[in-house]
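Right, one structure below, let's go through it.
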């Protein structure tokens, strides 16, 4: 069993998923598939170019830009050519998007295998529901039922003599606003990183970016905790339920941890951190991995820059874990 | 009408002055708070040193001079804690001397295997890291406070109400020399 945020992860099903991703990748990178893919892309490119060129010419003929009798032409050929162009365009986009998504899955799978972790790309709604119930501060977002956790890693990180279990993944939710015709739905992706420190904490508080409303609220209630760093106090605000947690905050947030949070804020901007009994969770905006350089359509392998990007993002978080676990020792 | 207008202007000026004054007070308190934070970690190190000296003495009798220097530097730190520059100088020297001690301890395998020593070394290493971080935070707060005191128009308010620049937690060679003289006097 691997540790997961609120509930352990059984590995059998995940191993099957990982094996499937690996199998898909072997097929995608096989010589036969590479040839087929290149042929398909050539066809789509040809459709696009032919459709565009002849579509434009047909349109010009119809609109009698060229010196030919207009009644000899109608718009049908132009429409057909533009449809061919659209097929080429959509086909290319869909193919790129499909292989981009596969590349992301394989990159994560490779990292997981290298470190003896589990990786699951599947959407997990029950886990999201549990997390929403247990950690509403972070997972109680969105006002539609379309929410889930996906793209998860489960594993352990070595910190000194200790092995610290962690779970990271993407959290998707939607926010619906307006009524009737003016209704709109906006989608959000966040990525979370949770780990279980060795020493059990008897704490529960949230660290969030400080906004104007927090500043005004604090002027009235004086609830925020001020630590040594002025820069930290300006950028972050603490939310807690009782005085016991308030007293724990200066003990946990040592000068080194304050500086680490400030460093992380420069790299990752808006993030929240929940320190709770049994786990410490970070929630960041966007995907864990963005804008891959890997282009399977050009080169049949994962780009080293992408591997480095993923490793760096995880290493940044490992530095924070080291500091937090020191505070709790 | 003119009187009302004048009253509004005066009120706005008073509010602006109050905001600037409070900002300066907050910055100054942040500097004091950061200094108190350094103090906590310095005291923690001071408490660890006697135990370290006792443990090392039992195994490394030949390092008597180094251990005595550490003890004298500890006393110099305690004596200089109201003076920021002297504290910074003593901290720099103590940090350097402790690093020398840990380097020398490599020659004593029995000591390196001692659980108490290893625990102390880990604690001291963590404490040194926290002192370094606390110093950075203090100096950042001092920089922001001094910028507020010196910048226009806050420099008018700081001049009227007597806000002075704070000192950075940095030591010069002459301050380190003074500490060296003071610890030699203790021997």
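Please treat every number below as a calculation from the coordinates, not as lab data. Since the model is a prediction, treat every value here as computed from it, not as a measurement. Counting neighbours? That spans all protein chains shown, and the Cβs are built from the backbone with ideal geometry, glycine included.
Comparing Cα centroids, the range B:119-155 and the range A:1-67 end up 53 angstrom apart. Each of A:135, A:212 has some number of other Cβ atoms within 10 Å of its Cβ, and from fewest to most they run A:212, A:135. Going by neighbour counts of Cβ atoms within 10 Å, the residues A:38, B:136, B:72 line up, fewest first, as A:38, B:136, B:72.
To the nearest ten degrees, helix B:84-104 and the longest principal axis of the Cα atoms of chain B are 30 degrees apart. Spread over its residues, the convex hull of the C-alpha atoms of the range B:16-186 is 109 Å³ per residue.
Take the Cα of residue A:83, step 7 Å toward its Cβ, do the same at residue A:12, and the gap between the two points is 5.1 nm. Placing pseudo-labels 7 Å out from each Cα toward the beta carbon at residue A:137 and residue B:79 gives an inter-label distance of 4.8 nm. For the range A:82-141, the Kirkwood estimate of the hydrodynamic radius, built from every pair of different alpha carbons, is 14.8 Å. Placing dummy labels 7 Å off each Cα toward the beta-carbon, the span from residue A:95 to residue A:285 is 3.6 nm. Would you look at the GNM of chain A, springs on alpha carbons closer than 10 Å, and say which of A:249, A:314, A:216 moves the most? In this elastic network of chain A, the residue with the biggest mean-square fluctuation among A:249, A:314, A:216 is A:216.
Expressed as an acute angle from 0 to 90° and rounded to the nearest 10, what is the orientation of the C-alpha long axis of helix A:11-28 relative to the principal long axis of chain A? Orientation of helix A:11-28: about 30 degrees from the principal axis.
Once both axes come from the Cα atoms, what is the angle between helix B:2-59 and the longest principal axis of chain B, in degrees from 0 to 90, rounded to 10? Result, in degrees: 0. Among A:204, B:62, a tally of other beta-carbon atoms within 10 Å of each Cβ gives an order, fewest to most, of B:62, A:204. Legend: calculated FRET efficiency, residue A:116 to residue A:304, from the Cβ-Cβ distance at R0 = 22 Å, rounded to 0.05, equals 0.55.
Computed extension length for residue B:65-residue B:174: 36.9 nm, one decimal, from 0.36 nm per residue of separation with the Cα-Cα distance subtracted. Each 20 Å bin from 0 upward holds the following percent of the Cα-Cα pairs of the protein assembly as shown: 16, 36, 30, 14, 3, 0.
Per the Debye calculation on the range A:118-328 with a single equal scatterer at every Cα and no solvent contribution, log₁₀ I(q)/I(0) for q = 0.10, 0.12, 0.15, 0.17 Å⁻¹ amounts to -0.50, -0.71, -1.08, -1.33.
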